[in-house]
Amino acid sequence: MTAERYQASPQKSLAIAERLVHPASAVTDPPLPGPVPDGAPTPHRRRPRYSGKYPRRFEEKYKEHDLERYAETVARVIAAGKTPAGTHRPIMVAEVLLALAPQPGETGVDCTLGYGGHAQELLARLQPGGRLLGLDADPIVLPRTEARLRALGFGPETFSAHRRNFAGLPQVLAAAGLGGADCVLADLGVSSMQLDDPSRGFSLKFEGPLDMRMNPQRGQPASTVLERLRPDALATLLAENADEPEARLLARLLAGQRFATTTALADAVRRALPRARDEERESAVRRVFQALRITVNDEFSALDTLLRLLPSCLKPSGRVAILSFHSGEDRRVKKAFAEGLRQGVYEEIAREVIRPTPEERHANPRSAPAKLRWARKAGVAQA
């Protein structure tokens with residue numbers, strides 16, 4: 001999302017804020033005591049009261065769970081260059097649209113639907129007559145995003161949501177009766193809704209269970225994975241998944257240990273590096289969390305599968321754009337696109353990685369590590 005969209009009039013800022021908020025996990029009011037007699041006025045219902053004027057727990061922050069009532073507050077947060085908790089701001093929207101060039105009547109796929117920020121922009125450009133398939137493995141976020149896009153007027157004939165990992169793209173296309181797509185997007189980053197919710201175990205800001213599963217209904221939480229890893233295996237994961245320079249030291253101290261919460265693990269990483277500067281310790285914490293998240297969700301395997309199957313999922317001259325957020329992902333995308341170009345599968349690829357503009361990095365700091373690469377499949381050979 002470009003910075004210009006957030007440097008507008010207060011009225012426009014409010015409109016943008018209303019597009020960004022979502023009807024997620026509202027804090028419910030307590031039930032009214034006893035039955036209300038027929039014809040009696042409904043008693044006033046108050047929201048739950050929490051201790052202190054500025055509650056620290058995410059669950060007690062009322063505005064985080066009812067953002068639609070606080071569009072003005074959301075607009076101020078955006079204007080300050082921050083992401084309102086519980087929302088997600090799509091990254092590099094203009095660059096993605098330029099790479100994918102969606103046209104009316106075409107078929108598109110958003111392999112990582114998330115909050116639907118990119119999907120909303122793609123859908124607008126695929127009309128009239130086009131359709132978009134949205135994939136996401138997260139059973140919590142997916143129905144909320146589907147409801148949001150439905151409310152914007154995108155019906156089943158235009159948009160369909162599928163609870164699948166992007167490695168299952170061929171199966172989703174086949175089930176929809178499609179031989180391929182004209183444009184495919186994969187945003188490999190973790191959504192802000194997942195990062196900001198401490199119950200998901202991704203957050204470093206609040207204490208929560210050390211989980212990190214994109215789909216909490218499948219696989220093992222990060223706490224179990226870490227407890228079962230041997231030091232040599234953990235050292236390999238830290239080096240390969242996060243380029244951690246102190247991989248062996250941290251692995252020796254963390255492997256086989258039981259950390260029930262995110263803060264317990266973060267504190268253990270900090271204690272393991274007593275001589276490092278504060279910023280170095282915090283970077284190490286983020287790298288450890290990244291390496292574990294990739295392992296828990298088998299992210300590299302899913303990405304390798306997607307990159308291998310992509311050519312068969314694209315129509316001739318079909319376009320694909322992939323947003324990555326760390327070197328391990330970007331290396332895989334770069335290598336796969338280059339090999340596809342060499343073999344003639346792709347007729348053109350991005351020669352250089354595309355990064356967010358300085359304005360976007362300032363307006364949305366979470367966009368800073370993003371890297372965009374694109375490719376276009378070879379067209380039908382002329383006779």
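For this structure, a couple of remarks:
- When the GluC sites (Glu not before Pro) in the stretch 302-369 are filtered for DSSP coil states and for at most 10 other beta-carbon atoms within 10 Å of their beta-carbon, the remaining sites are 352.
- Around residue 183: net Lys/Arg minus Asp/Glu count, Cβ-Cβ under 13 Å: +2
- Equivalent ellipsoid of the stretch 263-345: semi-axes from √(5λ) of the C-alpha gyration tensor, largest first, are 37, 13, 9 Å.
- Taken one residue at a time, the phi angles of the stretch 183-191 give Karplus couplings (6.51, -1.76, 1.60, θ = phi - 60°) of 8, 9, 10, 9, 9, 7, x, 7, 6 Hz. Gly and Pro are set to x.
- Annotation: amide H of residue 346 within the under-5 Å range of 341, 378, sequence separation 5 or more or interchain, hydrogens built in the peptide plane.
- Nonlocal amide H pairs with residue 202, under 5 Å, H built at 1.01 Å: 212
- Overall form of the stretch 225-281 per C-alpha gyration tensor (a/c, 1.5; a/b vs b/c): oblate
- Among the listed pairs 315/335; 315/371; 205/334, those whose Cα-Cα separation exceeds 30 Å are 205/334.
- Placing R0 at 56 angstrom, the Cβ-Cβ distance between residue 276 and residue 175 gives a FRET efficiency of 0.65 after rounding to 0.05.
- Applying the Kirkwood pairwise sum to the alpha-carbon positions of the stretch 159-293 produces a hydrodynamic radius of 16.5 angstrom.
- For the stretch 311-330 versus the stretch 187-234, the spacing of their alpha-carbon centroids is 25 Å.
We did not get these values from a lab; they are worked out from the coordinates using the rules stated. Just so you know, these numbers come straight off a predicted model, no measurement behind them. All Cβ positions, even for glycine, are placed from backbone atoms using ideal geometry, and neighbour counts span all protein chains on display.
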